[in-house]
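The structure appears below as C-alpha cells.
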Amino acid sequence: MLLCPGAATSRWLGFGADAVDTLGVRLVSVDRPGLGSSTSAPGRTYADFAADVRDLAGLRGLACPAVVGNSQGAPFALACAEAGVAAALAIVSGADEVAAPEFAEALPAELRRLVDTTAVDPAGAEQIFAGFDADAMWDMVTSGSPEADLAVYRDPGFEAAYRRALHEGFAQGPAGYARDTVLAMGRWPFDLAEITVPVDVWYGEQDTSHSPDNGATLAARIPGAVRHLVPGTGGAVLWTRAEPILRCLLGRACT
C-alpha cells in the first residue's frame, strides 16, 4: 500500500504500525516534490505526480498498489486512481475540492477568499502559502481540532513524530507545500467520474476543516464510492481507525 501524506508532512509520519504488522501490509509513504527528501519540481501538476508514482511502483516492484490519501494528499491519491495507478483507494480526512461550484456558498469567508485568489492569481496565492512554516502548520492543525483529536495530537510520542514530519516537510523551504496547496485549492483537472477502482471515503463526524460536507459530495461524484462517517472524532481518523481502514482497503484491493 502507498500513502500520500497530509499537508506539509514528510513520509516520516506513517500510520497504523501495529495494524500493518498484523495484516502483513507493506506500507510505502512518499514525499511529494519539494517536501522532505524529494527534489523540488516548480510548476508540477497532478499528472506529474501520478507519473512519478507509476515510475516508483515499477522501480520498487510495487505492481499497482492500493493507495491511501490523507488530508492534502487526497487529491494526489485521486489523481493516481484516475490515471490507473491504484488498485484501490482510501481517502481519509481528505482535502475536498473546495473550488467546486457545489461549495460556492458553503465556504467560510477566509477560505472563500483564498479559493478566489487561487483561481485568478495562482502565483500570488502560491506566495501567500509560502508564508507558512512547520510551527505555523502545527498551530493551524491543533487550533482547529476538536478535543478528541487533540488527545491524539498531544500524545508526546505522536506530537514528536508529527512535528518531525512537518520540519522535514519544510526542510527545503515552503515551496513544496505552497505548490501542493495551490493545486488542492484550485479546480482539479481530472474527472472523478472516470475512476473505476474501489474507493472508500472516511471522515470523522467532528471534522470541520477538510470538507464542507464531510465527503458526502465527494463520494457521490466517484462511481461506487463508499462513505464512512466515524463518530467521536475529527480529522485524526487515519490514526484512530487505522486497522479498519487498512482491512477495508486490503479487501478492496484483493477482490
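Between Asp21 and Arg112, the contour length at 0.36 nm per residue exceeds the alpha carbon distance by 28.6 nm.
Please give the net charge around Ala184, taking every other residue with its beta carbon less than 14 angstrom from that of Ala184, where Lys and Arg add +1 and Asp and Glu add -1. Residues close to Ala184 contribute a combined charge of 0.
Straightening the chain between Asp48 and Asp135 buys 28.4 nm, computed as 0.36 nm per residue apart minus the Cα-Cα spacing. With the whole protein complex present, Phe15 retains an accessible surface near 10 Å², based on a 1.4 Å probe. The three principal axes of the Cα atoms in the stretch 18-153 give end-to-end lengths of 45, 37, 31 Å, sorted in falling order. Summary of the geometry: the stretch 80-122 and the stretch 130-175, compared by the centres of their Cα atoms, lie 21 Å apart. Excluding ligands, DNA and RNA, the accessible surface per residue across the chain is 42 Å² with a 1.4 Å probe.
Rolling a 1.4 Å probe over the protein chains gives Met140 an accessible area of about 90 Å². Note on Leu59 and Glu102: their simple-model spin labels are 3.6 nm apart, each label 7 Å out from Cα toward Cβ. Each part gets one Cα centre, and for the stretch 212-231 versus the stretch 11-66 those centres are 24 Å apart.
Net charge near Arg44, counting Lys/Arg +1 and Asp/Glu -1 over other residues with Cβ under 15 Å of its Cβ? Local charge sum for Arg44: -3.
The values are calculated or read from the model by the stated rules, or taken from the named source; none is laboratory data. In this text the structure is predicted, and so the values were computed from the model without any measurement. Every residue, glycine as well, gets a Cβ built from its backbone with ideal geometry; the counts of neighbours run over all protein chains shown. These accessible areas exclude ligands, DNA and RNA; they are computed on the full protein's heavy atoms, side chains included. Shrake-Rupley method; radii C 1.70, N 1.55, O 1.52, S 1.80 Å.
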